[in-house]
1. Karplus couplings for the stretch 23-28 from phi (6.51 cos²θ - 1.76 cosθ + 1.60, θ = phi - 60°), rounded to Hz, Gly and Pro as x?
2. Check Trp35: other-chain or 5+ apart residues with amide H under 5 Å from its amide H, H built from backbone geometry?
3. Report relative contact order for the stretch 2-64 in percent, whole number only (criteria: Cα-Cα under 8 Å, sequence separation at least 6).
4. Calculate, axis by axis, the spread of Cα positions in the stretch 2-64 along the three principal axes, and write the results as whole Å, longest axis first.
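Read-outs throughout are calculated quantities, based only on the coordinates presented, and are distinct from any laboratory measurement. Since the structure is predicted, the reported quantities are computational estimates derived from the model, not experimental observations.
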Amino acid sequence: MQEAEKFVADFITNNKEQLPRVVVIDIAFSEQTGWFVLEFNACWGAGLNSCNAEKVIDCIIGATVNNI
């Protein structure tokens, strides 16, 4: 799991100017290519079924408010 966390941390660091302020990044591993980004999702499309809305509302607000 540490390799996956390092991959994501490096990816975010190297691409933070192009990424939205709030995003869910799904990663996967291939024996041929190593770790890769599988898909990006908005936070409201990231399997929040039956979650406690109070714990994710700040993330949803951050993904929907235009801070420009």
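1. 7, 9, 10, 9, 10, 9
2. Ser30
3. On the way: 51 pairs, mean separation 18.9, N = 63.
Answer for the stretch 2-64 is 30 percent.
4. Principal-axis extents of the stretch 2-64 (Cα, largest first): 39, 27, 19 Å.
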